[in-house]
Amino acid sequence: MRKVILDLAVTLDGFIEGPNGEIDWCILDDDMDITGFLAGIDTILYGRVSYDMWGNYEPEESANESEKAIWSAVHSKEKIVFSSQVRTGTDVTFIATAIPEAIAELKQRDGKDMWLYGGAKLITTFIQHGLIDVFRVSVHPTVLGAGKPLFQDLKERINLDLKEVNRFRSGVVQLVYERKS
């Protein structure tokens, strides 16, 4: 069965964005094997705000070939956007209601795993419904002091099993957890 993988960057003090939405603290190292991660998924799950910001993002022409290749791989995936605003689009599926049922159906389909890209509200909804199978969090060596927290409005404890720890040259540490059975 396909899995939903939450994969994102967080600061040491638990923020996914600075107070003004900044993500300039995110480090992208070639030893992080982002292309390997992208090869293991075929679907990206977005909230509306995250999709509007990043769903069609194109790197600047001056970007290096590695960054361009990563974004090309991202854009080759099926895109599903969860939004209370009813919308339509080409090369994207919008889902406005029944998130647990939609995810259950998606997990039953043939294919690779799915990347829960975010944002924070969608992550909270997925957590509250027990829809995340793998928590893959890359802790960056930055303390912001304020911003948008990774976890907010949680109603109950989530117990996880540590499956993997990866340390990168930049000082980023990636923690990979699965839900305890």
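The values are calculated or read from the model by the stated rules, or taken from the named source; none is laboratory data. Just so we're clear, the structure is a prediction, and the values are computed from it rather than from any experiment. Neighbour counts run over all protein chains shown; Cβ positions are idealised from the backbone, glycine included.
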Does any residue of the range 90-111 turn out to be touching a strand residue (DSSP E or B) at 6+ places or on another chain (Cβ under 9 Å) and within 24 Å of residue 147 (Cα to Cα)?
-> no
Looking at the range 117-139, is at least one residue surrounded by 18 or more Cβ atoms within 10 Å (Cβ to Cβ), in contact with a helix residue (DSSP H, G or I) (Cβ under 9 Å, 6 or more places away or on another chain), modelled with pLDDT under 95 and assigned to a loop (DSSP other than H, G, I, E, B)?
-> yes
Failed criterion for residue 142 (all others in (1) of a type in the set (Val, Ile, Thr); (2) closer than 20 Å to residue 50 by Cβ; (3) touching a Phe, Trp or Tyr at 6+ places or on another chain (Cβ under 6 Å) hold) = (2)
Could you pull out the residue among 166, 159 that is at pLDDT below 95, closer than 23 Å to residue 180 by Cβ and not basic (Lys, Arg)?
-> 159
Tally of residues being over 16 Å from the mean Cα position of the chain (by Cα), over 18 Å from residue 30 (Cα atoms) and part of a strand (DSSP E or B) across the range 145-181 | 6
When you go through (1) at pLDDT below 90; (2) touching a Ser or Thr at 6+ places or on another chain (Cβ under 6 Å); (3) over 25 Å from residue 38 (Cβ atoms) one by one for residue 144, which number turns out not to apply?
-> (1)
Give the range 56-80 a look and list any residue that's closer than 23 Å to residue 105 by Cβ and touching a Lys or Arg at 6+ places or on another chain (Cβ under 6 Å), or say none.
-> none
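Name the residue that is farthest from residue 153 (Cα to Cα), counting only residues in the range 98-121 that are in contact (Cβ under 8 Å) with a residue 40 or more places away in the chain and small (Gly, Ala, Ser). Before you say what the answer is, go through the steps one by one.
Residues of the range 98-121 that are in contact (Cβ under 8 Å) with a residue 40 or more places away in the chain, as a first pass: 103, 106-109, 111-121.
So of that shortlist, the ones also small (Gly, Ala, Ser) come out as 111, 118-120.
Details: 111: 32, 118: 15, 119: 14, 120: 10 Å.
If we take residues in the range 98-121 being in contact (Cβ under 8 Å) with a residue 40 or more places away in the chain and small (Gly, Ala, Ser), then 111 is farthest from residue 153 (Cα to Cα).
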